[in-house]
Amino acid sequence: MRVGGYESIPEVDEDDLSSVSASLDPKDLPPQAHSDSDNIFGNGNDVNHVHRKNTRDGYHGEKLFGRRGKSDFIIVLLIFATVLGILGVAHFHSFTSNANGGSTSNVDNPNDNGNSSTARSSFKRNDNLYDEHGRYILEDYDIKPTFSDFLPGVAGLYGKPMWAFYVNRGQGIASFGTVSKETPILEFNAANKAYQNTPLLGFRTFITGRRGDHSFFSEPFSPLSSRVPGSTSDADTSLPKRVMYVGANEMQIQETNFAEMYEINVTYFVLPEESFSSFVRRTTITNMHETKKLTLSGVLDGLAQMEPYGGRIEHYLKETGRTLESWFGVYHVDDDNKYMPFYKMSYQPFNVEEVSVENAGHYCISFIEGDKHATLPIVFDRDKVFGADTTLLRPTALMNSSVSEILSNPQYGFAKTSSAFAAAENINLDIGESVTITSFYGKAEQITDVPIVLRSVFNNPGLVQYKFIRAREVIDQLTSGISTNTGSSLFNAYVKQVYMDNCLTGGISLVLGDIDDHTIQSNADQDERLKVCHVFSRKRGDLERDFSNFKIDPTYFSQGSGNFRDIIQSRRNDVIFNPRIGSANIQMFLSFIQADGYEPDTVEAAVFTIDDPKVCGNIATRAVGPADGHRAQRESLERMLCNGSFRPGQLFEMIEEKSVELIMDRQKFIDLVLSSSDSSPMGVFGDGYWADHWTYYLDLINNYLSIYPEQEEALMFQQNLKYFFSPASVYPRSKRYVLLKKHGKKPKVVQVNATFKDKMKVDAQNRYLNSATGLYTIDAHWQRDTSG
């Protein structure tokens with residue numbers, strides 16, 4: 001049988017398909033030239049991105065900014081505004097009254113510390129979907145249908161981001177960590193498991209208190225005290241009232257306990273604009289009683305399960321978790337072994353010939369903010385809290401002892417899974433008074449880095465509040481280019497959110513290299529010293545896209561790789577929002593086309609190189625200084641600039657590692673470096689090839705010409721583009737099409753084993769293999785003729 005003029009299609013039994021690969025395994029390919037991704041907005045100011053969960057492939061904002069350009073956008077906006085006008089009556093009902101019939105409290109503290117903590121009471125009726133900060137209000141969140149979401153994972157241009165996912169169960173946060181889900185601080189679980197595990201394995205709070213002669217023990221946000229859907233009315237004060245506030249770069253939960261007359265608010269955000277990455281949790285407890293003081297005899301607040309650092313251990317946590325515990329350990333840098341626990345594995349548990357001792361680890365530090373300012377000890381021995389209750393449902397050990405007893409006795413943290421609870425004792429709250437416990441969770445490269453982190457956050461009163469405000473402002477800065485002002489605030493927020501959604505996928509475009517008046521007044525096409533960078537992009541991934549291997553580099557100018565299709569469709573309107581990028585996107589994506597017409601699966605951040613040693617020396621002298629005492633740092637910086645490719649974030653990381661002190665502003669430094677560099681786009685074969693994106697190319701070109709119509713001829717006929725080159729080739733159809741015989745059914749044509757490692761291509765690339773690093777140079781990724 002012949003199909004389309006090709007040779008006969010072989011027949012394959014359905015049972016034999018398990019041995020036939022649909023595409024080449026990336027692990028079989030030679031090593032690629034990778035370098036760290038980087039971050040964005042300059043002058044030390046951060047810009048953050050928002051997201052929204054459950055946006056399916058193909059609907060991640062591209063339908064709003066459609067193929068017909070701005071006309072589609074305007075039509076969609078008008079239709080959506082009309083629908084909102086018709087359906088604008090939707091709202092949630094809030095809770096009224098409390099146990100004593102007292103007055104109500106605002107959703108947010110008047111001091112705006114991110115946590116609601118007012119003296120008198122609980123909830124007033126609110127007919128809006130959003131509070132005054134634009135945060136979505138979800139009452140009784142823990143009994144509503146399940147949903148998952150995530151924080152943007154953006155810490156600003158000069159910040160180091162982390163990822164964090166949350167659900168509307170328990171205390172919200174389902175998992176968080178650095179770089180990817182393979183290096184979690186709280187283990188990553190798919191959505192269906194996260195809904196089950198979060199209330200027990202995630203953040204927990206245990207309060208032992210007394211008011212006069214009355215003593216009590218409670219666990220806020222426990223599923224055991226959730227209201228019952230359909231049978232618990234808003235007027236029922238026998239069970240606590242819970243609310244979730246979903247912000248662009250924050251998430252807050254609130255519980256009002258009418259039986260014991262206290263309110264607790266917990267706010268989460270990623271620390272922006274710092275030299276270290278950290279996930280911040282602020283827990284505020286308020287005495288709501290109108291006549292009686294409240295004594296908190298003991299409070300435990302933190303993670304019920306804290307994973308140590310040991311490299312990429314996600315697979316091992318799932319498959320061999322019990323065995324993995326034998327390498328777990330909690331180490332200490334303080335004499336009391338309480339205040340700065342360091343969670344790490346003794347060595348990385350990989351099946352390799354050479355054992356690697358692990359130096360990096362996860363940390364947890366905590367302190368009380370405000371007038372009661374004090375560092376707090378950490379309970380890391382989970383058995384001291386839960387005892388024999390291995391379900392972690394009830395803290396039986398704590399219920400039979402006290403926080404004071406736990407702290408006065410030794411804790412054990414080796415060869416077992418540990419916790420990370422901040423412990424506070426004997427806090428007296430006057431009528432209407434609050435106390436805030438703030439905890440930082442993150443990764444440090446050495447145990448000696450933890451005291452530095454503690455000093456940075458503890459010795460600066462007001463820092464946490466300032467960083468919380470900055471986390472909000474960063475979002476406003478990032479989305480300022482699409483500020484919308486209509487009669488519907490909901491519609492305005494929707495447009496902002498869609499823009500942010502695209503930014504998280506395709507990145508925010510920056511033009512770097514502004515060093516004089518000419519560059520400042522030019523675009524990237526007019527002055528070759530200007531370079532285009534994209535920051536904050538990453539592969540889509542969340543609790544429901546559990547198949548996606550996202551990556552968020554914890555560096556300045558952070559960026560992760562993404563699928564070719566996702567990146568190109570999200571950047572189609574870049575030139576409209578930032579005309580200074582010129583035709584940079586068009587040139588990059590067209591150059592990714594191979595000579596055979598296919599495109600790489602994955603797009604990575606562009607890399608930069610400086611080939612002239614004299615240029616590197618000049619930059620190093622200006623950046624470090626010409627004095628003899630600076631010679632070692634000068635030479636170190638020269639080597640960084642001239643010994644291969646780099647990205648902005650990677651360059652700053654190396655500068656920190658080598659303790660190079662810059663005498664010029666960071667933004668001026670990176671502008672100077674990139675203005676003297678050559679830029680090269682980067683892509684990798686990944687999981688296969690793409691071949692269906694010609695419409696996106698047309699979108700890029702049409703949008704560019706809508707801004708620069710006079711450049712059409714120059715764009716089409718005066719640009720020299722390369723061909724991308726990778727080591728995989730596609731079989732002819734005669735080899736990749738087969739007839740699949742289904743039992744009892746007519747054979748069906750299917751495509752299998754589509755790609756293969758091409759030895760000729762591998763040999764060609766090996767000419768550009770750096771023997772010292774084992775990585776390919778940039779030249780290995782571009783097609784060359786027989787003459788080279």
- Pairs where the first residue, in segment 408-433, is free of Cβ contacts under 8 Å to residues at least 12 places away in the same chain and the second is open to solvent by 70 Å² or more (accessible area, probe 1.4 Å) and not in a strand (DSSP E or B), C-beta under 9 Å, 6+ apart: 410/337
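Okay, residues lined up against (1) at negative phi; (2) open to solvent by 10 Å² or more (accessible area, probe 1.4 Å); (3) outside any loop (DSSP other than H, G, I, E, B):
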| position | (1), (2), (3) |
| --- | --- |
| 138 | yes, yes, yes |
| 146 | yes, yes, no |
| 156 | no, no, no |
| 161 | yes, no, no |
| 165 | yes, no, yes |
| 171 | yes, no, no |
- Task: Give 745, 761 a once-over and let me know the one that is over 28 Å from residue 528 (Cβ atoms) and not in a loop (DSSP other than H, G, I, E, B).
- Result: 761
- Note on the structure: By residue number, the members of segment 548-563 that are surrounded by fewer than 21 Cβ atoms within 10 Å (Cβ to Cβ) and either in contact with an Asp or Glu (Cβ under 7 Å, 6 or more places away or on another chain) or modelled with pLDDT of 95 or more (or both) are 563
- Message: Testing residue 580 on (1) in a loop (DSSP other than H, G, I, E, B); (2) under 24 Å from residue 668 (Cα atoms), one condition comes back false. Which one is that?
- Response: (1)
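Looking at 662, 674, 590, can you tell me which residue is open to solvent by 10 Å² or more (accessible area, probe 1.4 Å), touching a residue at least 40 places away in the same chain (Cβ under 8 Å) and in contact with a helix residue (DSSP H, G or I) (Cβ under 8 Å, 6 or more places away or on another chain)? Reasoning before the result, please.
Values: 662 fails: touching a residue at least 40 places away in the same chain (Cβ under 8 Å); 674 fails: open to solvent by 10 Å² or more (accessible area, probe 1.4 Å).
Just a single option satisfies the conditions, and that option is 590.
Looking at 538, 529, 545, can you tell me which residue is in a loop (DSSP other than H, G, I, E, B), in contact with a strand residue (DSSP E or B) (Cβ under 7 Å, 6 or more places away or on another chain) and open to solvent by 10 Å² or more (accessible area, probe 1.4 Å)? Lay out the reasoning, then the answer.
Details: 529 fails: in contact with a strand residue (DSSP E or B) (Cβ under 7 Å, 6 or more places away or on another chain); 545 fails: in contact with a strand residue (DSSP E or B) (Cβ under 7 Å, 6 or more places away or on another chain).
Every option except 538 fails the conditions.
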- Given segment 423-517, what helices (runs of 4 or more DSSP H) lie entirely inside it while holding 2 or more residues that are within 20 Å of residue 575 (Cβ to Cβ) and either open to solvent by less than 20 Å² (accessible area, probe 1.4 Å) or hydroxyl-bearing (Ser, Thr, Tyr) (or both)? 489-506
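Would you list the helices (runs of 4 or more DSSP H) that sit entirely within segment 640-733 and hold 3 or more residues that are under 27 Å from the mean Cα position of the chain (by Cα) and hydroxyl-bearing (Ser, Thr, Tyr)?
On the way: elements: 648-657, 666-675, 694-707, 712-717.
Because the criterion is at least 3 residues that are under 27 Å from the mean Cα position of the chain (by Cα) and hydroxyl-bearing (Ser, Thr, Tyr), no helices (runs of 4 or more DSSP H) in segment 640-733 meet it.
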- Message: Please go through segment 605-649 and give me each residue that is open to solvent by less than 50 Å² (accessible area, probe 1.4 Å), more than 18 Å from residue 681 (Cα to Cα) and either in contact with a His (Cβ under 8 Å, 6 or more places away or on another chain) or in contact (Cβ under 8 Å) with a residue 40 or more places away in the chain (or both), ordered by number.
- Response: 615, 619, 623, 624
- Task: Only residues that are under 26 Å from the mean Cα position of the chain (by Cα) and in a loop (DSSP other than H, G, I, E, B): list them for segment 307-347, please.
- Result: 307, 308, 310, 311, 312, 313, 340
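Identify, from the list 276, 258, 269, the residue that is surrounded by fewer than 23 Cβ atoms within 10 Å (Cβ to Cβ) and in contact with a Leu (Cβ under 9 Å, 6 or more places away or on another chain).
Working: 276 fails: in contact with a Leu (Cβ under 9 Å, 6 or more places away or on another chain); 269 fails: surrounded by fewer than 23 Cβ atoms within 10 Å (Cβ to Cβ).
After applying the criteria, what remains is 258.
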- Message: So for segment 348-361 (the condition being open to solvent by 10 Å² or more (accessible area, probe 1.4 Å) and either under 28 Å from residue 263 (Cα atoms) or not in a loop (DSSP other than H, G, I, E, B) (or both)), does at least one residue qualify?
- Response: yes
- Message: Given the condition open to solvent by less than 10 Å² (accessible area, probe 1.4 Å) and at positive phi, answer yes or no: does some residue in segment 325-344 qualify?
- Response: no
- Message: Pull out all pairs, ordered by first then second residue, where Cβ-Cβ is under 6 Å, the residues are six or more apart or on different chains, the first lies in segment 213-229 and is at negative phi, and the second is in a strand (DSSP E or B).
- Response: 216/209; 217/208; 218/207; 219/206; 220/205; 220/255; 220/264
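The values are calculated or read from the model by the stated rules, or taken from the named source; none is laboratory data. These numbers come from a predicted model, not from an experiment. For neighbour counting, all protein chains shown are included, and Cβ atoms are generated from backbone atoms with ideal geometry for every residue, glycine included. The accessibility values were calculated without ligands, DNA or RNA, using every heavy atom of the protein model including side chains. Shrake-Rupley method; radii C 1.70, N 1.55, O 1.52, S 1.80 Å.
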